[in-house]
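Engineer: Quick one: this structure, given as C-alpha cells, is what I'll be asking you about.
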There are 2 protein chains.
Amino acid sequence: MTKARNVVVAQSGGPSPVINSSLQGVVETCREMPEKFGTVYAGWHGIEGVLKEELIDMSAQAVKEISLLRNTPAAGAIGTCRYKLKYGQEDYDRILEVLAAHDVGTFFYNGGNDSMDTANKVAILAKEKGIEIVSTGVPKTIDNDVGDSEFKLIDHTPGYGSVARYWALITQNANEENRGACPSDPVLVLQAMGRKIGFIPAAARLADPEREMPLQIYLRESDLTLEALAENVNARLKTDGRCIVVISEGFDVGELGESKDSFGHTQFSSSETTVAQVVVNYLNSKGLAARGSARGQVMGTDQRDTAIYASNVDLDEAYEVGRKAVLIAVEDGSGWMSTILREPGDSYAVRYDKVPLEEVANSERTFPKAWITDSRIDVTDDFVAYARPLIGDDWPNVPLVDGLQRFARIEMKFAGKKCKTYIPAGYRK
Amino acid sequence: MTKARNVVVAQSGGPSPVINSSLQGVVETCREMPEKFGTVYAGWHGIEGVLKEELIDMSAQAVKEISLLRNTPAAGAIGTCRYKLKYGQEDYDRILEVLAAHDVGTFFYNGGNDSMDTANKVAILAKEKGIEIVSTGVPKTIDNDVGDSEFKLIDHTPGYGSVARYWALITQNANEENRGACPSDPVLVLQAMGRKIGFIPAAARLADPEREMPLQIYLRESDLTLEALAENVNARLKTDGRCIVVISEGFDVGELGESKDSFGHTQFSSSETTVAQVVVNYLNSKGLAARGSARGQVMGTDQRDTAIYASNVDLDEAYEVGRKAVLIAVEDGSGWMSTILREPGDSYAVRYDKVPLEEVANSERTFPKAWITDSRIDVTDDFVAYARPLIGDDWPNVPLVDGLQRFARIEMKFAGKKCKTYIPAGYRK
C-alpha cells in the first residue's frame, strides 16, 4: 500500500465569520480518511504561505483547537492574503514546486471568484506538466458575488448568511437607538460593505420585513444621486421625524480618494473619506427637515469578523462545503468547486454538489434587478424570502472563558523547509 | 387612606445597552408598592416629554413587556433627548406645572452629570415653591464620567460595563481580523467613543490583559501627536508586521469640522470628518513600515445600542440602581442619586447607596493618570483590575423570535392632557 499523500489548504481575500468552519470541515474530513490523506498543511496567509513555503502542520494541532475553529471568526487561525498571481509567471511554477516537495496530492483553495480562478489554473497547469495534484475550490465571500445571477452554480456563498445576520440584528439595535435619540439625532447613516453588489446592505431589510421602521436602503445598484437621497430622507423626516439610512460603501457619491489593492479593487476602508461621511456632511450642510443632525457610522471589518453575529445555518453550511470539497477531491478528482444548491419547495433545504472551477471563475453574479423596489430604496419580499433562511434562528454558541471569547489557538508548527528561499514575483523591487 | 400619588420617570443624554434595565427597576419596584405609588408615567423623549405633557402610561403596559426591557438596548422604549433646560426659565415652572397636574409625587431622572443637575434643580425649585415632589437621580453614562475621580461618590456608572465588554470582545475579533489579513491590511484603526475621558478606549485592554496582541490605545488624555502615533505604529509594524490602534474620538488631531449639541458638547458622529479617518489618511500618506494600507472603522452608536454585548453584571446593577432610587425616594425623600459603591476586598462586590444630587452635579471625574502607562499608549493592570469585573462572565440572554431580537414593545398610551400646549423655551424661534 502506498503512503497517503499530503494536503495543503489555503484561504484568500477578505475573511468571514465562518471561513474557519470551512477550514474545520476540510481538516476533520481529511483526518477521517488516513488511507487517503497524509499530513494536512495550511498555507500561512494563503497562497503567500505556499510561495514562501510557510506551511502550518494542521495535523499536529489538538483536536479541541480544530473544533474551536467553528466559532473563531475571521482569518487569524491560518491567515489570508490579497496577493495577485499572474498566470504564466514563475509564481505558478513555484506553487507546484512547493506542493511537490511536500508530497502534496490535494490542494484546497478557499475564496471568491479570483481564488477559484487560481485554483483552476493550478489544476490546469498541474495537468499540463503531468503533476498529480487535485486542485479543489471551497467557496467563500460575504458579498455573495460568487457564481451566476441565476443561482444555478451556487445559491449563496458561505459568509453571506452571517453578514446578513449582522445587518439584520444591528439594524434592529440601530432602530432602538434612532427611535430613542431622534430629537437630537434624527438621521443615522450606517455604511455597509459591498463594493459593487448590494446583497449586504439589502440584508438590513431582514430586520424589518413588515416595513415598520423608517429604513431606507441604498445599494450601489440603486443608482440615485445625493440630491435624491436627501429628498428621500427629508420626506421620511416629515412623516416619521427620523430615518435610518443603510448605504453601500460603493454607492456613487463622487471622489473618495480611493485606495486600491493588488487586484485593482477599491479598498473603501483605506480611502481618504467614506460614503457615510460624504452623506452625513451633505445632509447636514443642506439642512434636515427635522431638528438635530445626521450622524454616521462605518463598522468596517466588524461585519466580517464578529463571532456572535455568525449564523448557525451559515456555520453549518460552511463546514459542509469544506467537507464536500474533500469528498469531491477523493471521488471526482481535480477542477471542481464544492457548492450549495437550494432544494425547491417552501421549506429551506440545501444539497451540496460540485461545479467546474472554470465555470465559476468565468461567472459574475449581479444583484437581481427584480429584487430592487420601484422606489429604489428598498428590496422586495422575494429578496427577504431568499435571504431569511440564511441567518438562522438562534445565537451561535461562542464559548467564553474568564469573560473573553475562547478562540482556536493554532500553534505555529511549520513543515521543515525543502525548497530554496523565494520572493513572490509581485513583491520584488 | 390618601390615594398614592403618581410617578414620572424620564431619561436624558446618550442611551446605553442597560438604560432600560434601570427603567425596569424603577417601574417594577414602584409596582410592588401600590400603597406608595400610583400610576407610573414615562416622559416620552425625556424632559421634552414632560415639557410637552407627553407621558406614557407605563402602568398600563403588559408585565411581559416590562420584563423584556432588560435585554432591550438603547432608548427606543421611552426615548431620550439632549434638551438643555436653563435654570430660572419658565421651562422649570412648566415641569412643576405638568407634574402637579398629573398628581406626580416622585420624579426619577436617569442620566449623567447634566441630568443630575436638572434633577437637583427640580428638587430645589419644588422645595422653594412648597410643592411636594421627590426628585431622585438614577446614574447612567457609558463614558463613566459621572462622579468623582476618587470613586467615592460612585464606583462606576451603569452603561460603562457594557461598552467595556463591547470593546473587550470586538478587540478580540479585530485581532483575528488583523492577524489574518495583515499582508494587505497591516494597520486597523478602531475609533472609540469618549469625548473627553478615556474609560471606553481603555477597555480594549480587557481583550488582552497578558499583552500578547500588537495593540496600542490612544486616550484623549494620552496627549500625543499624530507624528508620535505614526512612530509608535511603525515601530510595532517592524516587530510584529501588524498593529491595532484603538483611539478615542476626542483624541486631538486638529480640526474635524465639529458639530455641537445644545449643551455645547462636540458630536463627533456628526462632524465633517473623524479621528479614525484623519489617522488612516496620515498613516497612508506618510507610508507604513509594512506592505499594504491602514484601514479604519467608526462603530459609532453601535457601542451603546448593542444588546448582545451588554454585560450581565451591568444589566443587574442597572436594575438595582433603578430599584434603589425608588427605595431612596420612599425612605429618604428628595435630592438624592442612587449609587454603586465597591466593597473592599479581592472579590468583586458592590453595595447600593445614596449620594446628594448636588455633590454629583458639581463633581467631575477624570481618568486616573496613574492608570496610563509611561508609554502613554496603554493602561495599567490596576485599570484592568478595576474594569474586568464590570464586563461579567457570560453572554446575556437576548431572546430571539423568528431569528430576530425580541425587544420590549411599549405601547404609546399617553396620559390625557391637562395643561395648555407648550413649546419648550429652547425650541422657540
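The values are calculated or read from the model by the stated rules, or taken from the named source; none is laboratory data. This is a predicted model, so every value here is computed, not measured. Using ideal geometry, Cβ is built from the backbone for each residue, glycine included, and neighbour counts are taken over all protein chains shown. Areas reflect the complete protein model, heavy atoms only, side chains present, ligands, DNA and RNA absent. Shrake-Rupley method; radii C 1.70, N 1.55, O 1.52, S 1.80 Å.
Engineer: Every residue in segment A:259-277 that is under 23 Å from A:V246 (Cβ atoms) and charged (D, E, K, R), please.
Structural biologist: Hit for segment A:259-277 is A:E272, nothing else.
Engineer: Still on this structure, I have one more. Being touching a Ser or Thr at 6+ places or on another chain (Cβ under 8 Å), of a type outside the set (S, T, N, Q), in a loop (DSSP other than H, G, I, E, B) and open to solvent by 60 Å² or more (accessible area, probe 1.4 Å) is true for just one of A:R376, A:R365, A:R409. Which residue is that? Steps first, please.
Structural biologist: Numbers: A:R365 fails: open to solvent by 60 Å² or more (accessible area, probe 1.4 Å); A:R409 fails: touching a Ser or Thr at 6+ places or on another chain (Cβ under 8 Å).
Of the residues listed, the single one that is touching a Ser or Thr at 6+ places or on another chain (Cβ under 8 Å), of a type outside the set (S, T, N, Q), in a loop (DSSP other than H, G, I, E, B) and open to solvent by 60 Å² or more (accessible area, probe 1.4 Å) is A:R376.
Engineer: Cβ-Cβ under 8 Å, sequence separation 6+ or interchain: first residue in segment B:306-330 and within 14 Å of chain A (Cβ to nearest Cβ), partner acidic (D, E) and open to solvent by 10 Å² or more (accessible area, probe 1.4 Å). Which pairs?
Structural biologist: Every condition considered, the pairs that remain are B:N312/B:D393; B:N312/B:D394.
Engineer: While we're on this one: A:Q89 versus (1) at pLDDT below 95; (2) within 20 Å of B:D185 (Cβ to Cβ): which is the lone unmet condition?
Structural biologist: (2)
Engineer: Just wondering, is there one or more residues in segment A:121-134 that are within 14 Å of chain B (Cβ to nearest Cβ), buried (at least 20 other Cβ atoms within 10 Å of the Cβ) and of a type outside the set (S, T, Y)? Can you show your working first?
Structural biologist: Of all residues in segment A:121-134, those within 14 Å of chain B (Cβ to nearest Cβ) come to none.
For segment A:121-134, residues within 14 Å of chain B (Cβ to nearest Cβ), buried (at least 20 other Cβ atoms within 10 Å of the Cβ) and of a type outside the set (S, T, Y): absent.
Engineer: Then there is this: For segment A:302-325: of the residues being touching a Leu at 6+ places or on another chain (Cβ under 7 Å) and open to solvent by less than 10 Å² (accessible area, probe 1.4 Å), which is farthest from B:Y309 (Cα to Cα)? Step through it out loud before you land on a result.
Structural biologist: Step one: filter segment A:302-325 for residues touching a Leu at 6+ places or on another chain (Cβ under 7 Å), giving A:309, A:311, A:313-314, A:322.
Of the ones still in play, those that are also open to solvent by less than 10 Å² (accessible area, probe 1.4 Å) are A:309, A:311, A:314, A:322.
Details: A:Y309: 11, A:S311: 17, A:D314: 21, A:G322: 30 Å.
Per the criteria, the residue is A:G322.
Engineer: Please return the ranges of helices (runs of 4 or more DSSP H) entirely within segment B:153-245 where 1 or more residues are open to solvent by 10 Å² or more (accessible area, probe 1.4 Å) and within 14 Å of chain A (Cβ to nearest Cβ). Break it down into steps so the answer makes sense when it comes.
Structural biologist: Numbers: elements: B:160-181, B:199-202, B:226-240.
Per the criteria, B:160-181, B:226-240.
Engineer: Kindly provide the set of residues from segment A:248-266 that are in contact (Cβ under 8 Å) with a residue 40 or more places away in the chain and part of a loop (DSSP other than H, G, I, E, B), ordered by number.
Structural biologist: Hits for segment A:248-266 are A:E249, A:G250, A:D261, A:S262, A:F263, A:H265.
Engineer: Look at segment A:73-97 and say how many of its residues are free of Cβ contacts under 8 Å to residues at least 60 places away in the same chain, surrounded by fewer than 18 Cβ atoms within 10 Å (Cβ to Cβ) and not small (G, A, S).
Structural biologist: Going through segment A:73-97 one residue at a time, the tally reaches 2.
Engineer: For residues in segment A:390-406 being within 9 Å of chain B (Cβ to nearest Cβ) and in contact with a Phe, Trp or Tyr (Cβ under 8 Å, 6 or more places away or on another chain), which is least open to solvent (accessible area, probe 1.4 Å)?
Structural biologist: A:V398
Engineer: Is it the case that segment B:382-400 has a residue that's without any contact (Cβ under 8 Å) to a residue 24 or more places away in the chain and within 30 Å of A:L390 (Cα to Cα)?
Structural biologist: yes
Engineer: Could we say that B:A75 is within 24 Å of A:I244 (Cα to Cα) and under 20 Å from the mean Cα position of the chain (by Cα) here?
Structural biologist: Working: within 24 Å of A:I244 (Cα to Cα): yes; under 20 Å from the mean Cα position of the chain (by Cα): yes.
Against the criterion (within 24 Å of A:I244 (Cα to Cα) and under 20 Å from the mean Cα position of the chain (by Cα)), B:A75 qualifies.
Engineer: Oh, and also: Of the conditions (1) in contact with a helix residue (DSSP H, G or I) (Cβ under 6 Å, 6 or more places away or on another chain); (2) at pLDDT 95 or above, A:V253 clears all except one; give me its number.
Structural biologist: (2)
Engineer: Of the conditions (1) outside any loop (DSSP other than H, G, I, E, B); (2) surrounded by 14 or more Cβ atoms within 10 Å (Cβ to Cβ); (3) within 14 Å of chain B (Cβ to nearest Cβ), A:V360 clears all except one; give me its number.
Structural biologist: The one condition A:V360 does not meet is (3).
Engineer: Output the number of the condition that B:Y282 fails; it satisfies all remaining conditions of (1) facing chain A (nearest Cβ under 7 Å); (2) surrounded by fewer than 20 Cβ atoms within 10 Å (Cβ to Cβ).
Structural biologist: (1)
Engineer: Which condition breaks for B:A294 when tested against (1) open to solvent by 30 Å² or more (accessible area, probe 1.4 Å); (2) within 9 Å of chain A (Cβ to nearest Cβ); (3) modelled with pLDDT of 95 or more?
Structural biologist: The number of the failed condition is (1).
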